[in-house]
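Structure record follows, encoded as structure tokens.
The values are calculated or read from the model by the stated rules, or taken from the named source; none is laboratory data. All figures in this text were calculated on a predicted structure; none of them were measured in a lab. Cβ placement follows ideal geometry from the backbone for every residue including glycine, while neighbour counts extend to all protein chains displayed.
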Amino acid sequence: MSTASRRLRSVIEEHPAALLLGYMAFSVVLWTAQCSLLQNILSLDALEAIAWGGEFSWGHSKHPPLSGWAAEFFSRLSGRADWGSYLGCQLMLAIGVWFVYLTIRLFADRWSSATSAALLYCLFYYLPSWMKFSTYFVEIAVVPIAGCCFFHALEGKKRRLLWWLLFGAVCGLGVLNKYSFTLQIVGFALVFFALPEYRRSFFSPGPYLAFAVFCAVLAPHLRWLVANDFCCLGHIGERMHEERQWYDTFNLLALILYPFFSSAAALCIARFPGWRSAERKPVDRALLIRTLLPTLVPSVVYLVLDVTGNSVIMMWFCTTASWTGAAVVAAFPWRITPAVWRRVFVLLLILTAAVFVGTTLDLLLRSGRRLHLRPEAIVEPSLEFWHRRRSDPVPAVCGGLWYAGVIKNYSAERPPICGPGDPVRLRQLRPLIDRRGALLIGDKEELDEILSAFGCRAVRRKIRASYRSLWGRRRSESFLVGYLPPLAERRIPPAGEKRER
């Protein structure tokens, strides 16, 4: 082995935290650049989040407000360029991985801690090339931050009261992002009461101060919920009652087990060379309890919901994977040596290269509507349709949320938007629409639903837009635009007359 090879090997083995940070920075740049260069338009989730965040309210019809605020922050940071959304997504992933490392470092050596965190990048949740900013990625960051605060409050040598206060604040932010974060809190509570050394803190002021801070963070959103008829909870009910397939339960079981098997497979491959002479170790039961409970509590709840006939969204499971790498390390029968860490790191680099090549070819060869359609193909004909009838800027856009979000995000006018089935936003925008009218956009069903809320008819026009990836086949997309006039100009159709023209 050459001197340079030995030196590189020594650097990898002796500085796991630095190597992990270096890979995280590389990953952020790599995937942000890939998405920015090979995709032309943001996804529905990203456009929705940016639109909601720009309202700066304490909630909206689907989710609590935190993910929208974060999306608006990264959008403004980038000057409304798409790369801000991609950067925000990758930073959330990196923050989550780093806080997993900081948490496990309380219980294990630096190689085991770095391996626990690096194994997360072996999951497809953490190697995205197409996902854009959404509530899931904010939760991927918030869950490990909350865990870090929780375990520092119980295990740390100093500033325990400060860690309790931070834990309450982060848990409040977690619920402000997604209500499902309460399942993570239940997992932490089970850890707290399962371990005798933790239960002693029940009589200290820390947990009660954390709860007070938690309530204070949530109070404005709770007031908003009461004022808006708990609309977010209604959306959860609608999603859970969507049509499900007979095989969904098997998919959910696979999603629960997948992170554990992927991490275990990577560790076994890294341990295979010289495994006969490898140093064995007992299962770290304490670490296993601390990592399994926060992971399994949400997973079991989702599985029970599915078995009882409710629809469960597959992406819900991406936020339960944070501690799976640490759980596998705790249960692994061999000691995590510097050599094992080095092999895990090399495997991670190989996997990253393979995923990058595969996803790059996919983006270059396969034309996708919500990947390669250029925003101006929607914005320009829609605004031209409006300005044929009105000289003033578009006051509001109603209809399909993806199309409306494109108008809001990519036009200079940036009008507020409202989707069908959103009574809260419609109630907020109705005085403006009655006074100045609105641009309608989307498919026929979406426009009909909006028009039924106003009880009138609208002039419509069909627009066709083409798109293609760099090396892919050209495809086309059709959508409708419509003009909803102000209240004073509306014609209410007589009974039996069609409202469409």
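Restricting to the stretch 358-372, name every residue that is in a helix (DSSP H, G or I) and out of contact with any Leu (no Cβ under 6 Å at 6 or more places or on another chain).
Within the stretch 358-372, G358, T359, T360, L361, D362, L365, R369, R370, L371, H372 meet the criteria.
Taking the stretch 307-337, which residues are assigned to a helix (DSSP H, G or I) and closer than 15 Å to A265 by Cβ?
T324, G325, A327, V328, V329, A331, listed by residue number.
Is it true that some residue in the stretch 394-401 is out of contact with any Pro (no Cβ under 7 Å at 6 or more places or on another chain), assigned to a loop (DSSP other than H, G, I, E, B) and not assigned by TED's automatic domain parsing to the domain that holds L127?
Yes, the conditions are met somewhere in the stretch 394-401.
For residues in the stretch 19-32 being in contact with a Phe, Trp or Tyr (Cβ under 8 Å, 6 or more places away or on another chain) and not polar (S, T, N, Q), which is nearest to A141 (Cα to Cα)?
Applying the filter and picking the extreme gives M24.
Can you tell me which residue in the stretch 468-501 is modelled with the lowest pLDDT, limited to those that are assigned to a strand (DSSP E or B) and either touching a Ser or Thr at 6+ places or on another chain (Cβ under 6 Å) or farther than 27 Å from C35 by Cα (or both)?
For the stretch 468-501, the residue satisfying everything is E500.
Out of the residues in the stretch 300-329 that are without any contact (Cβ under 8 Å) to a residue 60 or more places away in the chain and not aromatic (F, W, Y), which is nearest to A286 (Cα to Cα)?
Looking only at the stretch 300-329, we keep the residues that are without any contact (Cβ under 8 Å) to a residue 60 or more places away in the chain, and these are 300, 302-304, 307-308.
After this cut, where a residue has to be not aromatic (F, W, Y) as well, the list is 300, 303-304, 307-308.
Values: V300: 21, L303: 26, V304: 27, V307: 31, T308: 33 Å.
Checked the stretch 300-329; the qualifying residue nearest to A286 (Cα to Cα) is V300.
What about P375, is it under 24 Å from the mean Cα position of the chain (by Cα), farther than 30 Å from L225 by Cα and touching a residue at least 24 places away in the same chain (Cβ under 8 Å)?
Taking the combined requirement at face value, the residue satisfies it.
Determine whether the stretch 130-139 contains at least one residue that is assigned to a helix (DSSP H, G or I), over 11 Å from the mean Cα position of the chain (by Cα), touching a residue at least 12 places away in the same chain (Cβ under 8 Å) and crowded, with 20+ Cβ neighbours inside 10 Å.
Looking for residues that are assigned to a helix (DSSP H, G or I), over 11 Å from the mean Cα position of the chain (by Cα), touching a residue at least 12 places away in the same chain (Cβ under 8 Å) and crowded, with 20+ Cβ neighbours inside 10 Å, one finds none in the stretch 130-139, hence no.
Condition test on L363, is it surrounded by 14 or more Cβ atoms within 10 Å (Cβ to Cβ), at pLDDT 90 or above and within 27 Å of I140 (Cα to Cα)?
On the way: surrounded by 14 or more Cβ atoms within 10 Å (Cβ to Cβ): yes; at pLDDT 90 or above: yes; within 27 Å of I140 (Cα to Cα): yes.
Here the answer is yes, as L363 does meet what is asked.
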